[in-house]
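Peer 1: I'd like to ask you about the structure that follows.
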Amino acid sequence: MTKSEKMAELLLPNIDKTPDYYENLYPERNLPEGARVTRFAPSPTGYLHLGGLFGATADMLTAKGTKGVFILRIEDTDKKREIEDGVTGIIEGLEAFGVIPNEGVTGLGTEKGAYGPYTQSKRKDIYQCFAKELIKKGLAYPCFCSAEKLDEIRSEQEKAGVNKGYYGEWACCRNITVEEAEKRIAAGEQFVVRFRSPGVETNKCYFEDVIRGKIEMQENTQDVVILKTDGIPTYHFAHAIDDHLMRTTHVIRGDEWIASVPIHLQLFKACGFKIPKFAHTAAVMKEENGGKRKLSKRKDPEAAVSYFVEKGYPAECVIEYLLTLLNSNFEDWRRTNKDASIDSFPYNLKKMSVSGALFDMNKLNDISKNKIAFMSADEVYSRACEWAKTYDGDFYAKLTENEAKQKAIINLDREGKNPRKDIAKWDELKNYFSYFYPEYYEENFTLPEHIGKEDAIAILKAYSAVYSPEDQKDEWFSKIKDLCEPLGFTPNVKEFKQNPDAFKGHVGDVSTVIRIAITSRTNTPDLCAIMGILGKDEVLSRIERAIKFYEN
Ligand code: GLU
């Protein structure tokens, strides 16, 4: 046995497998040419962030478009930062938007796929096996330095004016002997395992980022920790082992990891692994006071994907919007492929922003309004019900009390060529149609400034004398036109514009007065249809109340 082999046995005596065992257990995947294997690898330390959904969508589309595999791996090596329902939060968050992995963790304690376990805390033996191999080859070693010792090294480096960290001649455990290690372990000292970096400070290393192109950096010289004192790997080491054994082809991750790539390149090489392609995505940004900043978990409620679920945004609208941020050519594609499913969009990592996509709520709302406008009333009804059931019990009760009436309300002005685009999310529906439900709105008979109370009273009285609940749209409108002249208004808008002083107003003003009396709004869908749904008694009593209001 060589000294290094002895060291490996001393440090990790319980590991009896060799890397070959795992190489055989997780063979190269048998996938079509060009298929990409991607993975979303969140840590369950908080809710699913919009940036997480953004990255996971890029993973899914990259895999789907190449008939590859999209994996969900849970990186739970930092138990201190883990939150209780972190894993379910991530899975439910992805599921709500139809971002469904092909492989990996599917729930608390469940997973699918032949390359697991997909939760890092269950892979301890695998990491230790590869760490043992590095130790055997003299490429890793135990380090017993305490936090105080490391502080000491740092202050000496400060004094000497050299780079800080654990490297080269500063790495005092680099050449520790087996005998000394044995003694210190027997004395109960704790150790970490460090990688022996082959880096030279004056050397450069390169990699080709799929999104950013060639990136040149200084080689890593630090002997980074690969196993912590409890035998759990650090991010860097787990990333190399997992992405190799899961046969990841494309590591799509946040650009905060670019700085660590020199470490990763060395680790992959030392382990004898093929280096995957890296695609570092820029963070989702938000505009503030004319500048740009990262979407913040602390400041922005929309940073959590649950925000969009709670407000009732249709999931496909959020994904459609994310695609506009993910690929700069998506909108052009959408214009020429209006009804195509996003699955047929040729997603391309190269078309991702380098500087950070700007999140714009107005644009999301526009996309959503447009999609909802073209849904059938049945679909709007059932999806709104599904949302309300969880998020607004009162509204759910109202919606389900009289299905036919609710659908008729939702169907107002819907089926034409130019449906109204008023609703971006289900939580707006209640307010949008609130005038149908006395308990949801307060009557407000305020008139536009140019219409006087006396005229409003005259219009409402004249209208209630001719109103008939049977009137269909044409008849309904001709009755309103007929009211105009005797009251000093003109049925002809053009005529009014040519000679405004000759009239009190035009037919639009007359119908506005009626609209306000019936709905307390100046802008609504088809008023005749609204009156049809409200019914005769309600229409007459609202007109009555409005007249009283103006008389007082
Ligand atoms: N667990 C890491 C994170 O949440 C994953 C980075 C990666 O995708 O490799 O930042």
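Coordinate-derived values only; no laboratory data. Remember, predicted model here, so these are calculated numbers, not experimental data. Positions of Cβ are generated from backbone atoms using ideal geometry, with glycine treated the same way; all protein chains shown enter the neighbour counts.
Peer 1: Can you sort ASP85, ASP209 from fewest to most other Cβ atoms within 10 Å of each residue's own Cβ?
Peer 2: On the way: ASP85 11, ASP209 17.
With the fewest neighbours first, ASP85, ASP209 line up as ASP85, ASP209.
Peer 1: Sequence neighbours fewer than 8 away in the same chain don't count; with that in mind, list the lysines whose C-alpha is under 16 Å from LYS461.
Peer 2: LYS453, LYS479, LYS481, LYS536, LYS548
Peer 1: Right, here's the next one. Cα-Cα over 32 Å: which of LYS350/LYS371; LYS407/LYS504; LYS292/LYS369?
Peer 2: Violating the 32 Å Cα-Cα cut-off are LYS407/LYS504.
Peer 1: I've got another one for you. How far apart, in nm, are two points set 7 Å out from the Cα along the Cα-to-Cβ line at GLU544 and at LYS350?
Peer 2: Once both label points are built, they end up 7.3 nm from each other.
Peer 1: Any idea what angle helix 361-373 forms with the longest principal axis of the chain, computed on alpha-carbon atoms, 0 to 90 degrees, nearest 10?
Peer 2: 60 degrees
Peer 1: Could I ask something else about it? Provide the percentage of antiparallel DSSP beta bridges, counting only those with both residues in the chain; round to the nearest 5.
Peer 2: Within the chain, antiparallel bridges account for around 55 percent of the total.
Peer 1: Next question. I need the shape label for region 257-346. Rule: rounded when a/c is under 1.5, else prolate if a/b > b/c, else oblate, with a, b, c from the alpha carbon gyration tensor.
Peer 2: Values: a/c = 2.29, a/b = 1.43, b/c = 1.60.
Oblate, since a/c reaches 1.5 and b/c is not below a/b.
Peer 1: Another question, if that's okay. How far is helix 536-551 tilted off the main Cα axis of the chain, in degrees rounded to 10, range 0 to 90?
Peer 2: 80 degrees
Peer 1: By DSSP, what percent of the beta bridges with both residues in region 1-152 are antiparallel, rounded to the nearest 5?
Peer 2: Taking every DSSP beta bridge with both residues in region 1-152, the antiparallel ones total about 30 percent.
Peer 1: Using unit Cβ charges (K, R positive; D, E negative) and no other charged atoms, how large, in debye to the nearest 20, is the dipole of region 1-97 about its Cα centre?
Peer 2: My answer is approximately 260 debye.
Peer 1: Report the local net charge at ALA315: Lys and Arg +1, Asp and Glu -1, summed over other residues whose C-beta lies under 14 Å from its C-beta.
Peer 2: Taking every Cβ under 14 Å from that of ALA315, the sum is -3.
Peer 1: Right, here's the next one. Just want to confirm a number: the relative contact order over region 53-108, from Cα pairs under 8 angstrom separated by 6+ residues, in percent.
Peer 2: It rounds to 46 percent for region 53-108.
Peer 1: R0 = 60 Å: FRET efficiency of GLN157 with GLU386, Cβ-based, nearest 0.05?
Peer 2: Efficiency, rounded to the nearest 0.05: 0.50.
Peer 1: If R0 is 60 Å, what FRET efficiency do you get for SER121 and ASN523 from their C-beta distance, rounded to 0.05?
Peer 2: Numbers: r = 57 Å, r/R0 = 0.94.
E(calc), rounded to 0.05, equals 0.60.
Peer 1: Please get the size of the charge dipole for region 225-337, origin at its Cα centre, with Cβ charges of +1 on Lys and Arg and -1 on Asp and Glu, quoted in debye to the nearest 20.
Peer 2: So the magnitude is around 300 debye.
Peer 1: Hey, another quick one. Pairs of alpha-carbon atoms within less than 8 angstrom and 6+ residues apart define the contacts here; what relative contact order does the chain have, in percent? If you can, show how the numbers build up before the last one.
Peer 2: Working: 792 pairs, mean separation 63.9, N = 552.
12 percent.
Peer 1: If you don't mind, there's one more thing I want to ask. Under a plain spin-label model, where a point goes 7 Å from the Cα along Cα-to-Cβ, how far apart in nm are ASP474 and ASP501?
Peer 2: It works out to 3.9 nm between the two label points.
Peer 1: While we're on this one: Once the dipole of region 344-499 is set up with Lys and Arg at +1 and Asp and Glu at -1 on Cβ about the Cα centre, which of TYR441, LEU487, ALA424 lies farthest towards its positive end?
Peer 2: ALA424
Peer 1: In whole Å, what are the extents of the chain along the principal axes defined by its C-alpha atoms, from largest to smallest?
Peer 2: For the chain, the Cα spread along each principal axis is 111, 49, 45 Å.
Peer 1: Counting DSSP beta bridges in region 238-345, what percent are antiparallel, to the nearest 5? Walk me through the numbers before you get to the answer.
Peer 2: Numbers: 4 of 9 bridges.
Counting DSSP beta bridges with both partners in region 238-345, the antiparallel share is about 45 percent.
Peer 1: Measure nothing but the geometry: give the 0 to 90° angle between the long axis through the Cα atoms of 453-466 and the longest principal axis through the Cα atoms of the chain, rounded to 10°.
Peer 2: 80 degrees
Peer 1: Hey, rough spin-label estimate for CYS205 and LYS3, points 7 angstrom out along Cα→Cβ, what's it come to in nanometres?
Peer 2: 2.6 nm
Peer 1: How large is the dipole of the chain about the Cα centre if only Lys and Arg carry +1 and Asp and Glu carry -1, each at its Cβ, rounded to the nearest 20 debye? Please report the intermediate quantities before stating the final value.
Peer 2: Numbers: 78 positive and 86 negative charges, 300 e Å.
That gives the chain a dipole magnitude of about 1440 debye.
Peer 1: Another one. I need the calculated FRET efficiency for the pair ASP255 and ILE100, taking r as the beta carbon distance and R₀ as 22 Å, to the nearest 0.05. Kindly include the intermediate steps, with their values, before the conclusion.
Peer 2: Numbers: r = 26 Å, r/R0 = 1.17.
Between ASP255 and ILE100 the formula returns 0.30.
Peer 1: Then there's this: When only Cα pairs under 8 Å and 6 or more residues apart are kept, what is the percent relative contact order across region 493-552?
Peer 2: The value is 25 percent.
Peer 1: Between their Cα atoms, which of LYS311/LYS425; LYS297/LYS363; LYS17/LYS137; LYS6/LYS137; LYS417/LYS497 are more than 18 Å away from each other?
Peer 2: Flagged as over cut-off: LYS297/LYS363; LYS417/LYS497.
Peer 1: What length, rounded to one decimal in nm, is gained on full extension from GLU216 through to LYS112, with 0.36 nm per residue of separation minus their alpha-carbon distance? Intermediate results must be reported in sequence, preceding the final value.
Peer 2: Details: separation 104, 0.36 × 104 = 37.44 nm, distance 3.81 nm.
Separation in residues times 0.36 nm, less the Cα-Cα distance, equals 33.6 nm.
Peer 1: Ranked from highest to lowest mean number of other Cβ atoms within 10 Å per residue, what is the order of the peptides 153-161, 471-479?
Peer 2: Top of the packing list down: 471-479, 153-161.
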